[in-house]
Amino acid sequence: MSVSAALDASKTASIIADFPILARKTSRGKRLVYLDSAATSQKPNPVIDTLVQYYREYNANVHRGVYEIASRATDAFELSRAKVADFIGARSDELIWTRNTTEAINLVSASWGAANIRSGDAILLSELEHHSNLVPWQLLAERTGAHLRFIPVDERGLLVLDDLDRLLDGVKLVAITHVSNTLGTIVPLDRIIARAHAAGAVVLVDGAQGAPHLAVDVKALDADFYAMSGHKMLAPTGIGALYGKRELLDAMPPFLAGGDMIRRVEYRHTTFNDVPWKFEAGTGNIADAIGYGVACDYLANLDMTWVREHERRLSDYAFQRLAELEPRGLAIYGPRNASLVSGAISFNFADIHAHDLASILDTEGVCVRAGHHCTMPLMDKMGWAATARASFYVYNDERDVDALIDALEKAAVIFKL
Ligand SMILES: Cc1ncc(COP(=O)(O)O)c(C=O)c1O
């Protein structure tokens, strides 16, 4: 083992110790081999402890109370906003709490979209998109008479950018994923964003799979909007965030209406609060928002450059090990190059249905996802009914890849491959 691989192994061992669920056994007495972080990540002790501490010590509504625990809750809630913003290179007054990426994208499509998209306008997406970054734009297009265009994906799962300038002609908005949740493809955002801006388009990035795995600097990227989900990056479920350039957010109408998003309300008229609170109607997800900041601290402390390198190394190892099963019918999808993918690998094994395969792996304690991964149009285009997907994160190591291969060997025996 090289010195850097040994250092990586010892760092990963100490990370694993922070995740209590990984010490548990399945009901069959197997070690839990969690390879489904693209669906949701596990949570480290500091995040879990933060939730318990909030409810035990200072549970109170934010922004309203003058008493001690209400001030403490407000301070922690707003400090956490600053931490999550800082994690992606943004300011806290540019970061709106949402429930998740899906809600963040819906906020932009309902608010910015209603104010800016007109009949005949074009919206450019890619063929890699998750339903969350497709269906909201379909609805907006139906409501406004706009139309959708798509950057094509090739058979390796890479975007074809040769025709980008033609595709961008007349486009008002580009909504594009940072990383494909199905194939792991890392999208070359810098090239797309620069050319989109040159064509006069606003760019929204679906960062659900980007922010957890890659060092993100929204200013360097020059993204206009960046949407993300806490639960995919060690934070609790039910909390996400939308970054937006301040001048865009200031000009946008509110999304949902009610308490907290107002400055003054009269019976027939309301003036709205400043950004970001203008977009946060009603009581927010206070404990989970505070937990999101702690998760970002945890990742920042690991160093996102290390996270990327760890996952690149692990993907490389997984590609090598999975290739051993190719003679027995294993098909690996997506770009088979660890430098081009981030943490997710899709595959099928001979003619075993992906759901059956996932069930067999489960008997060995190996958790993978099977199905269309909320990318039905991509599956249709590629001609796959379903795939199995193994996805990695900071707490996975080579043992987990080996466990996946051993479980696949078991499946091969059962199906006589
Ligand atoms: C690329 C991508 N976009 C959007 C989403 C939606 O995330 P959420 O369900 O947290 O809103 C996901 C979730 O898997 C995703 O992978």
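Points to keep in mind about this one:
- Accessible area per residue in Å² at 1.4 Å probe, computed on the range 48-301: 40
- Stretching SER339 away from ARG149 to a fully extended chain increases their span by 65.6 nm, per 0.36 nm per residue minus the current alpha-carbon distance.
- Taking Cβ atoms as reference points and 12 Å as the exclusive limit, the residues near SER126 contribute a net charge of -2, counting Lys and Arg as +1 and Asp and Glu as -1.
- Net charge, THR237 excluded, C-beta distance under 11 Å - Lys, Arg +1, Asp, Glu -1: +2
- Subtracting the Cα-Cα distance of THR270 and ARG191 from 0.36 nm times their residue separation leaves 24.3 nm of extension gain.
- Three principal axis lengths of the range 1-71 [C-alpha, angstrom, descending]: 57, 35, 21
- Helix 354-363 axis, angle to the chain major axis (alpha carbon atoms, nearest 10°): 70
- Residues considered: SER119, SER229, SER359. Largest GNM mean-square fluctuation over the chain, using C-alpha springs under 10 Å, is found at SER119.
- Cβ-placed point charges (K, R +1; D, E -1), dipole of the chain about Cα centre in debye, nearest 20: 580
- Sparsely packed trypsin sites (Lys or Arg not before Pro) within the range 224-308, loop by DSSP, other Cβ within 10 Å at most 12: ARG268
- Taking other residues whose beta carbon is less than 14 angstrom from the beta carbon of ALA9, and scoring Lys, Arg as +1 and Asp, Glu as -1, yields -3.
- Note, ³J(HN,Hα) from phi for the range 260-277, Karplus 6.51, -1.76, 1.60, rounded to Hz, x at Gly and Pro: 6, 8, 10, 9, 9, 10, 10, 4, 10, 7, 9, 9, 9, 5, 6, 5, x, 5
- For the range 48-301, the fraction of 1.4 Å probe accessible surface lying on carbon and sulfur atoms is 51 percent.
- In order along the range 58-63, the phi-based Karplus estimate (6.51 cos²θ - 1.76 cosθ + 1.60, θ = phi - 60°) of 3J(HN,Hα) comes to 8, 5, 6, 6, 9, 6 Hz; Gly and Pro are listed as x.
- In the assembled protein chains, ARG166 presents an accessible area of approximately 150 Å² (probe radius 1.4 Å).
- Inter-label distance, nm, simple model (7 Å from Cα along the C-beta direction), ARG118/ASP169: 2.0
- Antiparallel bridges, percent of DSSP beta bridges restricted to the chain (to nearest 5): 60
- In a fully extended conformation the segment linking ASP316 and ASP162 would gain 52.6 nm over its present Cα-Cα distance, using 0.36 nm per residue.
- Cα long-axis angle, helix 398-414 against the chain (0 to 90 degrees, to the nearest 10): 60
- Seen against the Cα atoms of the chain and their longest principal axis, helix 189-198 is set at about 40 degrees.
- Translational diffusion of the chain, µm² s⁻¹ [Kirkwood Rh, Cα pairs; Stokes-Einstein; 25 °C; 0.890 mPa s]: 110
- Sequence of ASP154, ASP297 from largest to smallest accessible area, 1.4 Å probe: ASP297, ASP154
- Phi to ³J(HN,Hα) by Karplus 6.51 cos²θ - 1.76 cosθ + 1.60 over the range 284-296, Hz, x for Gly, Pro: x, 8, 5, 4, 6, 5, 5, x, 5, x, 5, 4, 5
- Amide H to amide H, with H built 1.01 Å from N, VAL203 comes under 5 Å of VAL174, ASP224, PHE225, counting only residues 5 or more places away or on other chains.
- Simple label model, 7 Å out from Cα along Cβ direction - TRP384 to ASP362, nm: 2.0
The values are calculated or read from the model by the stated rules, or taken from the named source; none is laboratory data. Only a predicted model underlies this, so the values are computations on that prediction, with no experimental measurement involved. When we count neighbours, we look across all protein chains shown, and the Cβ atoms used for this are built from the backbone with ideal geometry, even at glycine. Please note that ligands, DNA and RNA were not included when accessible areas were found on the heavy atoms of the full protein model with its side chains. Shrake-Rupley method; radii C 1.70, N 1.55, O 1.52, S 1.80 Å.
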